[in-house]
1. Which one of these does W269 not meet: (1) more than 28 Å from H153 (Cβ to Cβ); (2) of a type outside the set (K, R); (3) touching a Ser or Thr at 6+ places or on another chain (Cβ under 9 Å)?
2. Of all residues in region 125-153, which are of a type in the set (G, A, S), without any contact (Cβ under 8 Å) to a residue 60 or more places away in the chain and in contact with a Gly (Cβ under 7 Å, 6 or more places away or on another chain)?
3. Let me spell it out: the conditions are (1) more than 19 Å from the chain's Cα centre (by Cα); (2) over 22 Å from M93 (Cα atoms), and E316 meets all of them except one. Which number is the exception?
4. Any residue that is touching a residue at least 12 places away in the same chain (Cβ under 8 Å) and either aromatic (F, W, Y) or touching an Asp or Glu at 6+ places or on another chain (Cβ under 8 Å) (or both) - is there at least one of those in region 294-306?
5. Among the residues that make up region 318-326, is at least one of them small (G, A, S), touching a residue at least 40 places away in the same chain (Cβ under 8 Å) and in contact with a Pro (Cβ under 8 Å, 6 or more places away or on another chain)?
6. Among (1) surrounded by 20 or more Cβ atoms within 10 Å (Cβ to Cβ); (2) modelled with pLDDT of 95 or more, where does F88 come up short?
7. Quick one: in region 329-374, of everything that is under 26 Å from D190 (Cβ atoms) and hydroxyl-bearing (S, T, Y), which residue is surrounded by the most Cβ atoms within 10 Å (Cβ to Cβ)?
Amino acid sequence: MNEQPALRWDENGAVQSARWRSEAGSPPPKRIVVADDQTKADAAYKLVCEGTALLYRGDFQNARQLLQAMGRRAEKKPKKAASITEAFHQHRMAQAQRARTLGLLLIPLDGGYAIPLRRAPEVGDACREAWGEPDGQPSVVSLRELQGLIGAHEWRKKGVPIPALGGDHIHPYYGVFSPVRGEYVDLVADAPLPALDLAFDIGTGTGVLAAVLARRDVKRIVGTDRDPRALACARENVERLGLGRQIKVVETDLFPEGRAPLIVCNPPWLPGKVAAPIEGAIYDPDSRMLKGFLAGLKDHLTPGGEGWLILSDLAEHLGLRQRGEVLRLIEAAGLKLIQRHDTRPRHAKANDANDPLYLARVAEKTSLWRLTPA
């Protein structure tokens, strides 16, 4: 965060400045007014809709309530879409607009990550986990983003229980995809193993799939990732689970050196533009990771080995990927399908008829494709 730009505003007749922090890389707002406990939600919402940011001075809990009230005003019934694809794009645009608008309620931080507001929580640990050690410079951050940091810190502390690990927990870092959707983990826990001597886990993230393979008695696993947070997260989880002798986590894009009889990859499931760094585990621009994994798989498998591709078909139901495209990519890479194991999602949105993407979610399957050279 050292290269974040400065934020400047007028307050009490003087020009103030602080570091601007934005995980999404949003530019600092050009217009800023000071808000406090007397600021009404209607007035605040009107200002942020016009692009004016509100720097809060007052009670932190009142700032939270103001953000909630602004959020209610931002709720709009979506227009009737002609197709599920149009509904998806409308939903995505609405999410982005909501994030931009509500992101204009700002909170100050002092040089040690303390919030100089009444009834403010201690957020130093959450900020250090996301941004590193403080450097003594005051900064300003969106309250909405700060809440994301706090939520991620709580998940990191308590962890996510993984039934396939006997109930042991995986502790996700901020910005690293949390394995709360357990159906894809269960697929890896149940598929028949082609060998027990070595496996690669491509794009290891939290390290959950590598850990599952280790608990299935695969003797050695190499997990790869290119994101520094994911690498640190996976290494910590591996050590926490006592699997350091079996699992090695390395920094590389896709494949490590050598070949293995089992190579596993769970790429982002939706082709599309990443609007913020935290979306990198969900959106895969031009299916880069999916295509890269399939194109390179044949050259990294030992004879008789298998590649396991874990992928949802939600993109097909949303019209973001043509039906049959995954199979065409598999064939073009000189691979063939041995077997496909399917499961249905169990998360709450899959059963929420009010969700704008419900028709796609209710039809979704998550699959483990067992592949081998043709």
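The values are calculated or read from the model by the stated rules, or taken from the named source; none is laboratory data. Quick caveat: nothing in here was measured; it's all calculated off a predicted structure. Because the Cβ atoms are built from the backbone with ideal geometry, glycine has one as well, and the counts that use them run over all protein chains shown.
1. Condition not satisfied by W269: (1).
2. G136
3. Looking at each condition in turn, E316 falls short on (2).
4. Within region 294-306 (the criterion being touching a residue at least 12 places away in the same chain (Cβ under 8 Å) and either aromatic (F, W, Y) or touching an Asp or Glu at 6+ places or on another chain (Cβ under 8 Å) (or both)), the answer is no, since none of the residues qualifies.
5. no
6. Among (1) surrounded by 20 or more Cβ atoms within 10 Å (Cβ to Cβ); (2) modelled with pLDDT of 95 or more, F88 violates only (2).
7. In this case the residue turns out to be T366.
Quick grid of which residues meet (1) touching an Asp or Glu at 6+ places or on another chain (Cβ under 9 Å); (2) of a type outside the set (G, A, S); (3) more than 17 Å from V250 (Cα to Cα):
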site: P172; (1), (2), (3): no, yes, yes
site: P179; (1), (2), (3): no, yes, yes
site: D190; (1), (2), (3): no, yes, yes
site: L198; (1), (2), (3): no, yes, no
site: G207; (1), (2), (3): yes, no, no
site: D217; (1), (2), (3): no, yes, yes
site: R226; (1), (2), (3): yes, yes, no
